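Written below as structure tokens is the structure these notes are about.
The values are calculated or read from the model by the stated rules, or taken from the named source; none is laboratory data. Since this is a predicted model, take the numbers as computed values, not measurements. In this analysis, Cβ positions are derived from the backbone assuming ideal geometry, glycine residues included, and neighbour counts consider all displayed protein chains.
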Amino acid sequence: MAKAKRRPQKRKTAKKKKKLTAAQIKRRVRYALIALGAIACFAVGFLEYTGRIDILVKLGLRDMPAEGEELSVHFIDVGQGDCTLLLSDGKSMLIDCGEAQYSSTVIKYLKRKGIKKLDCIVITHPHTDHMGGMADIIKKVGASRIIMPRVDSQYTPTTPTYENFLKAVKKADLTIDEARDESFTLGKTVIDIYTSPYKGENLNNNSVIVRAENGANSFLITGDCENEEEALLIDKGANLSAKVLEVAHHGSSTGSGADMLDKILPRYAVISCGEGNSYGHPHDVTVSRLEKYADFIYRTDKDGTVVFVSDGKGLSVKTQKGS
Ligand SMILES: [Zn+2]
């Protein structure tokens, strides 16, 4: 009787083991990972909601907020264009300024920040969405120094906007410093300028690259740099690593390649683009790629002006439209 009772039990156990096929195990592991991911997301959200950012900082999931200010970086909303202001220990640098129609917006912003004269202007490349308002800014605010890339004479723009800019520079008794690879300090920030080795008619690939470093925090502004320039910058060994990246060419699919992002490894990405712009910027493929690297992606068309504050260790970010 006892033997007869045991047999069916053994068969039952063997049957149960057979049921777990490789596909079933994979499915269960996948469900477990999804559940763990959901729990982790909920935990992070809960800690943020309850203000326990300190725990997230200890876990390396968030930056410690800045307690003071050694550098502030302002990605100013100028619609479909770029405009970045760096302020560090009383020194100022304006990188690009958007189209001419935004010059009054930028001038008001600079005045509000108490800037009487800019210490440095960098024009990444001579396209109007980057330097359209520069003539007005030079006239009404002024600058001690202007850096711009050398452009082969056959590709130099002949637009009225560009001519106005040259006239304003001359009238202000300034000269344009042809960009060269150099490093200098702006207040408590180290600035690295990288020129593009690209030779050709696509001025986007002639963009000057600016890297700003304040202690543990670094920023990379890349103008409209596309894949050809990215490859050349990597080849020449430029230091491209940055915690905060201003995404090249308004989030176009012609830039922000995986090789470039592997070098930058951004934690924050800012895309400067206009709402409903005709180029479809930022392109979905670029945003999807950025999401693999950056924990936070800001867009000036949705967030308005985005401002980062660094105290050399901590980093805080605020947007015009909240968050
Ligand atoms: Zn542009």
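For the stretch 147-168, the count of residues that are touching an Asp or Glu at 6+ places or on another chain (Cβ under 8 Å), surrounded by 12 or more Cβ atoms within 10 Å (Cβ to Cβ), at pLDDT below 95 and not in a loop (DSSP other than H, G, I, E, B) is nonzero.
Identify all residues within the stretch 256-286 that are of a type in the set (Phe, Trp, Tyr) and not in a loop (DSSP other than H, G, I, E, B); write none if there are none.
Residue satisfying the conditions is TYR268 alone.
Within the stretch 56-82, the set of residues being assigned to a helix (DSSP H, G or I) and surrounded by 14 or more Cβ atoms within 10 Å (Cβ to Cβ) comprises LEU56, VAL57. Scanning the stretch 124-146 for residues that are assigned to a loop (DSSP other than H, G, I, E, B), more than 13 Å from the ligand (Cβ to nearest atom) and farther than 23 Å from TYR194 by Cβ yields GLY133, VAL141, GLY142.
State whether one or more residues within the stretch 49-71 are of a type in the set (S, T, N, Q) and touching a residue at least 40 places away in the same chain (Cβ under 8 Å).
no
Restricting to the stretch 211-255, what's the tally of residues that are within 15 Å of the ligand (Cβ to nearest atom), under 27 Å from MET64 (Cα atoms) and not in a helix (DSSP H, G or I)? So the count comes out to 4.
Every condition in (1) buried (at least 22 other Cβ atoms within 10 Å of the Cβ); (2) out of contact with any strand residue (DSSP E or B) (no Cβ under 6 Å at 6 or more places or on another chain) holds for PRO197 except the one numbered (1). A single member of SER183, SER207 is in contact with an Asp or Glu (Cβ under 7 Å, 6 or more places away or on another chain), more than 16 Å from ILE264 (Cα to Cα), of a type outside the set (Phe, Trp, Tyr) and more than 15 Å from the ligand (Cβ to nearest atom), and it is SER183.
Residue count for the stretch 121-151 under the criterion of being out of contact with any helix residue (DSSP H, G or I) (no Cβ under 9 Å at 6 or more places or on another chain) and without any contact (Cβ under 8 Å) to a residue 60 or more places away in the chain: the result is 3. Among the residues making up the stretch 89-103, those that are of a type in the set (Gly, Ala, Ser) and closer than 14 Å to LYS117 by Cα are GLY90, SER92. Here are TYR109, TYR102: which of them is within 16 Å of the ligand (Cβ to nearest atom) and farther than 18 Å from LEU203 by Cα? The unique qualifying residue is TYR102.
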